[in-house]
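First comes the structure, then the notes that go with it.
The values are calculated or read from the model by the stated rules, or taken from the named source; none is laboratory data. Nothing here was measured: the structure is a model prediction, and the numbers come from that model. Positions of Cβ are backbone-derived with ideal geometry, glycine not excepted, and every protein chain shown enters the neighbour counts. Surface areas here come from the heavy atoms of the whole protein model, side chains and all, with no ligands, DNA or RNA. Shrake-Rupley method; radii C 1.70, N 1.55, O 1.52, S 1.80 Å.
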Amino acid sequence: MRKLFLFIIPLLLCSCGGNPSSSSEASSESIISSSSESSSSIEPRPGYINLYAINDYHGRISEDSSQKNKGISKVAAFLEQEREKHPEENIFLNAGDLWQDTYESEASKGKCLIESMIQMDCEAMAIGNHEFDWGLEVIENNKKLGDEGNFNLLGANVYNFDKNINEATTHADNLCDEYKIVEVNDLKIGIIGIIGSEQITSITSSIWENLIFVDPLEIVKDLSDELKNEKDCDAVILLAHSNVSSLGNKFTGEITKVSNVSNKKYIDACFTGHSHTIENEIINDVPFVQSSWKGEYLSHIELKIDNEVSVIAHENLSVQTDKIDANVAQIADKYITPDFIEEKNRPVLNIEGL
């Protein structure tokens with residue numbers, strides 16, 4: 001039985017689809033059951049953990065081969081195929097920019113994607129800059145929906161900002177949590193989520209006028225010490241909605257060092273995002289992996305945890321499958337109805353004489 005723990009610890013600081021095509025319509029495609037029905041006949045391996053992640057999915061709930069969009073039900077099916085290799089050792093994560101960029105997702109303000117992540121047993125997502133495009137109320141509503149399904153929005157460095165004193169004040173826990181602890185295969189895994197501090201400038205200023213994305217370095221270090229020293233976490237995973245170069249050499253160098261408090265590395269693996277690129281780097285023996293965008297790839301990191309953490313694999317897997325996840329497809333079908341398609345394709349303006 002997987003146990004979930006969610007914590008919020010306030011810290012005081014000074015200072016991117018085509019026409020929808022329901023994935024369940026294609027009779028030539030195989031259908032798999034939901035992840036909750038996976039075979040558990042394979043014995044778990046003590047100390048092993050397989051981490052999977054996507055990033056920058058940008059609302060691609062529908063399949064569109066012309067745009068290389070697999071559709072969320074095929075991504076779910078491919079993920080399930082990978083999970084079946086070691087059913088008791090898996091955690092699925094998301095590095096942000098999940099719901100904005102398609103008409104299908106916009107119509108429900110990302111709710112369809114949140115429901116899909118819950119069905120896929122996604123544990124947590126680092127919120128990205130595009131999560132803010134539809135305003136703070138949408139984030140708050142999607143956070144509540146995610147919390148109900150144990151899918152948590154994380155942003156450890158998203159803070160309220162007091163313009164009168166020109167300082168960050170408290171963590172914006174109405175929008176996101178700082179970290180989450182997941183227990184799987186007799187291991188406690190701490191998951192911290194952050195967003196690149198410079199990304200606030202890419203969001204409409206009226207949305208973030210009372211927010212600030214603070215430098216995440218000391219926050220990650222402090223939370224790691226809390227997770228490893230006081231919460232007895234065996235490993236800490238960072239979800240960063242930022243690519244490696246934007247995180248910077250100072251940040252990546254510091255968080256891959258050994259802490260003087262826990263006597264362990266601050267983080268043991270990192271899933272990145274935001275730049276829509278393939279990343280697969282090792283920095284001080286810590287993997288940093290990003291899977292391009294819109295579900296083309298699935299990031300995978302395998303760790304062996306004993307007295308220390310060893311990296312067994314770090315890679316990006318091309319999402320190649322003709323199968324669909326039936327339960328995730330039902331979510332898409334619930335939103336992408338014939339009436340929805342008719343409304344999407346309805347002309348709003350006719351211009352003659354051009």
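Which members of the stretch 290-307 meet the condition of being in contact with a strand residue (DSSP E or B) (Cβ under 9 Å, 6 or more places away or on another chain) and more than 22 Å from TRP99 (Cβ to Cβ)? Selection gives HIS300, ILE301, GLU302, LEU303, LYS304, ILE305. Is there a residue being modelled with pLDDT under 90, open to solvent by 80 Å² or more (accessible area, probe 1.4 Å) and β-branched (Val, Ile, Thr) anywhere in the stretch 347-354? Scanning the stretch 347-354, I find at least one residue that is modelled with pLDDT under 90, open to solvent by 80 Å² or more (accessible area, probe 1.4 Å) and β-branched (Val, Ile, Thr), so the answer is yes.
Out of curiosity, is ASP97 assigned to a loop (DSSP other than H, G, I, E, B) and either open to solvent by less than 30 Å² (accessible area, probe 1.4 Å) or more than 27 Å from TYR297 (Cβ to Cβ) (or both)? Walk me through how you get there before you give the answer.
Details: assigned to a loop (DSSP other than H, G, I, E, B): yes; either open to solvent by less than 30 Å² (accessible area, probe 1.4 Å) or more than 27 Å from TYR297 (Cβ to Cβ) (or both): yes.
Here the answer is yes, as ASP97 does meet what is asked.
Among the residues that make up the stretch 196-209, is at least one of them in contact with a Lys or Arg (Cβ under 8 Å, 6 or more places away or on another chain) and farther than 15 Å from PHE161 by Cα? Checked the stretch 196-209: no residue is in contact with a Lys or Arg (Cβ under 8 Å, 6 or more places away or on another chain) and farther than 15 Å from PHE161 by Cα.
For the stretch 174-192, the candidate set comprises residues that are buried (at least 16 other Cβ atoms within 10 Å of the Cβ) and part of a loop (DSSP other than H, G, I, E, B); within that set, the residue that is modelled with the lowest pLDDT is ASN185. The set of residues in the stretch 306-329 that are surrounded by fewer than 16 Cβ atoms within 10 Å (Cβ to Cβ) and either part of a helix (DSSP H, G or I) or modelled with pLDDT under 95 (or both) comprises ASP306, ASN307, GLU308, GLN320, ASP322. Total residues in the stretch 273-289 satisfying the condition of being in a loop (DSSP other than H, G, I, E, B) and under 22 Å from LEU98 (Cβ atoms): the figure is 5.
Taking the stretch 198-234, which residues are part of a helix (DSSP H, G or I), at pLDDT 95 or above, under 19 Å from THR252 (Cβ atoms) and open to solvent by 40 Å² or more (accessible area, probe 1.4 Å)? Across the stretch 198-234, the qualifying residues are GLU218, ASP222.
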